[in-house]
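Working notes, beginning with the structure itself.
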């Protein structure tokens with residue numbers, strides 16, 4: 001695992017801790033800058049990996 | 001991380017894997033694009049979005065959702081041996097390999113049937129169905145091609161249309177059948193059909209039904225509970241237990257007076273009191 005996993009510059013959206021109750025409907029795709037531009041509806045029925053990452 | 005993620009996507013995209021990445025350090029769209037392209041990433045990369053309710057403990061961090069839209073893991077990571085791993089929700093301290101789990105989840109993806117074939121004229125549409133892509137357009141195209149001047153094409157279109165439309169209709173019927181007592185499951189099916197078959201009549205019908213359920217849920221949030229109690233009260237009545245039935249009908253009216261089930265309970269109560 002190429003850490004660091006400790007420093008996060010800012011928290012994305014809410015951090016309520018209700019992670020287990022999340023569903024794909026909680027995904028907000030935002031603005032696509034690369035790759036396929038799928039909406040949540042397009043992703044339904046697929047296996048979806050949502051990855052939070054940084055360039056630094 | 002990124003080259004490995006790019007490799008994972010390329011390996012499993014055809015099986016139904018979708019990856020969406022959110023850059024969290026405020027880099028520009030150009031910088032993100034350059035970084036990702038250098039790593040060979042072809043999956044969806046976005047900014048100004050995220051995951052409502054997500055608890056991000058550090059980056060990178062992955063959240064995995066199954067084909068039913070439910071969260072499978074909030075901790076997908078690249079292990080020290082270079083393989084992707086994940087921690088199950090019920091056992092967050094335990095890391096296990098991701099790829100076997102992905103393969104199991106792919107098995108849960110229900111691809112729609114296309115009929116026995118063989119398909120020589122409609123190979124492109126077969127590929128679209130297998131990829132679960134734009135099925136509304138596929139159905140609409142098949143409707144038109146059933147009248148094709150090319151007899152072979154028309155024959156294939158009729159065969160595929162019957163299989164695909166029949167399967168979609170069957171799911172729609174199932175959702176409509178259960179919506180009164182299991183609106184959550186009905187909604188899940190209807191939302192899926194609406195998305196899968198957008199642009200075709202069956203997708204529009206599913207969307208209209210899903211919207212109606214959502215409106216009803218918003219107007220009568222207690223209806224599912226009231227409905228369950230109503231069924232129980234009816235069972236009491238049917239099994240010769242009128243006192244228990246009356247008590248439960250009364251409770252439904254008192255607690256959930258604004259719901260359709262409470263209105264029915266009130267009528268049942270009057271019927272019992274008049275006996």
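Among the candidates B:119, B:35, single out the residue that is within 9 Å of chain A (Cβ to nearest Cβ) and more than 16 Å from residue A:50 (Cβ to Cβ).
Numbers: B:119 fails: within 9 Å of chain A (Cβ to nearest Cβ).
Answer to the selection: B:35.
Conditions tested, residue by residue: (1) more than 18 Å from the chain's Cα centre (by Cα); (2) part of a helix (DSSP H, G or I).
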| position | (1), (2) |
| --- | --- |
| B:91 | yes, no |
| B:121 | yes, no |
| B:156 | yes, yes |
| B:161 | yes, yes |
| B:168 | no, yes |
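Residues in the range B:46-69 that are in a loop (DSSP other than H, G, I, E, B) and under 22 Å from residue B:104 (Cβ atoms): how many? Before the answer, list the steps.
Going through the range B:46-69, the residues in a loop (DSSP other than H, G, I, E, B) turn out to be B:48-49, B:52-60, B:66-69.
Among the residues that remain, those that are also under 22 Å from residue B:104 (Cβ atoms) are: B:66-69.
The total comes to 4.
Listed residues B:72, B:76; which is in a strand (DSSP E or B) and more than 7 Å from chain A (Cβ to nearest Cβ)? Before you say what the answer is, go through the steps one by one.
Details: B:76 fails: more than 7 Å from chain A (Cβ to nearest Cβ).
None of the other options fit; the residue is B:72.
If you go through the range B:189-200 one residue at a time, do you hit one that is more than 13 Å from the chain's Cα centre (by Cα), assigned to a helix (DSSP H, G or I) and outside the structural domain of residue B:257 (by TED's automatic domain parsing)?
Keep residues of the range B:189-200 that are more than 13 Å from the chain's Cα centre (by Cα), which gives B:198-200.
Okay, now just the ones that are also assigned to a helix (DSSP H, G or I), so none.
The answer is no, given that none of the residues of the range B:189-200 is more than 13 Å from the chain's Cα centre (by Cα), assigned to a helix (DSSP H, G or I) and outside the structural domain of residue B:257 (by TED's automatic domain parsing).
Would you be able to tell me the number of residues in the range A:39-54 that are in contact with a strand residue (DSSP E or B) (Cβ under 6 Å, 6 or more places away or on another chain) and either outside any strand (DSSP E or B) or more than 7 Å from chain B (Cβ to nearest Cβ) (or both)?
Initially, the range A:39-54 is screened for residues in contact with a strand residue (DSSP E or B) (Cβ under 6 Å, 6 or more places away or on another chain), giving A:40, A:43, A:46-53.
Narrowing further to those that are either outside any strand (DSSP E or B) or more than 7 Å from chain B (Cβ to nearest Cβ) (or both): A:40, A:43, A:46.
Residues in the range A:39-54 being in contact with a strand residue (DSSP E or B) (Cβ under 6 Å, 6 or more places away or on another chain) and either outside any strand (DSSP E or B) or more than 7 Å from chain B (Cβ to nearest Cβ) (or both): 3 in total.
How many of the residues making up the range B:111-120 are at pLDDT 85 or above and buried (at least 16 other Cβ atoms within 10 Å of the Cβ)?
Of the residues in the range B:111-120, 1 are at pLDDT 85 or above and buried (at least 16 other Cβ atoms within 10 Å of the Cβ).
Of all residues in the range B:93-110, which are more than 9 Å from chain A (Cβ to nearest Cβ) and assigned to a loop (DSSP other than H, G, I, E, B)?
Across the range B:93-110, the qualifying residues are B:93, B:94, B:95.
Being surrounded by fewer than 19 Cβ atoms within 10 Å (Cβ to Cβ), touching a residue at least 12 places away in the same chain (Cβ under 8 Å) and outside the structural domain of residue B:17 (by TED's automatic domain parsing) is true for just one of B:157, B:162, B:149. Which residue is that?
Values: B:157 fails: surrounded by fewer than 19 Cβ atoms within 10 Å (Cβ to Cβ); B:149 fails: touching a residue at least 12 places away in the same chain (Cβ under 8 Å).
Among B:157, B:162, B:149, only B:162 is surrounded by fewer than 19 Cβ atoms within 10 Å (Cβ to Cβ), touching a residue at least 12 places away in the same chain (Cβ under 8 Å) and outside the structural domain of residue B:17 (by TED's automatic domain parsing).
Is it the case, given these coordinates, that residue B:138 is under 26 Å from residue B:185 (Cα atoms), crowded, with 16+ Cβ neighbours inside 10 Å and more than 7 Å from every other protein chain (Cβ to nearest Cβ)?
Numbers: under 26 Å from residue B:185 (Cα atoms): yes; crowded, with 16+ Cβ neighbours inside 10 Å: yes; more than 7 Å from every other protein chain (Cβ to nearest Cβ): yes.
So residue B:138 fits the description; yes.
In this structure, does residue B:50 turn out to be touching a strand residue (DSSP E or B) at 6+ places or on another chain (Cβ under 9 Å), closer than 19 Å to residue A:37 by Cβ, at pLDDT below 90 and facing chain A (nearest Cβ under 7 Å)?
Numbers: touching a strand residue (DSSP E or B) at 6+ places or on another chain (Cβ under 9 Å): yes; closer than 19 Å to residue A:37 by Cβ: yes; at pLDDT below 90: no; facing chain A (nearest Cβ under 7 Å): yes.
Here the answer is no, as residue B:50 does not meet what is asked.
Residue check, residue B:41 against (1) surrounded by 16 or more Cβ atoms within 10 Å (Cβ to Cβ); (2) at pLDDT 90 or above; (3) not in a loop (DSSP other than H, G, I, E, B), all met but one. Which one?
(3)
So which residues in the range B:1-36 are farther than 25 Å from residue B:102 by Cα and surrounded by fewer than 18 Cβ atoms within 10 Å (Cβ to Cβ), if there are any at all?
If the condition is that a residue be farther than 25 Å from residue B:102 by Cα and surrounded by fewer than 18 Cβ atoms within 10 Å (Cβ to Cβ), then B:25, B:26, B:27, B:28, B:29, B:30, B:31, B:33, B:34 are the ones that fit.
The values are calculated or read from the model by the stated rules, or taken from the named source; none is laboratory data. What you see is a predicted model; the values in this text were computed from it and never measured. Ideal geometry is used to build each Cβ from the backbone, glycine not excepted, and the neighbour counts take in all protein chains shown.
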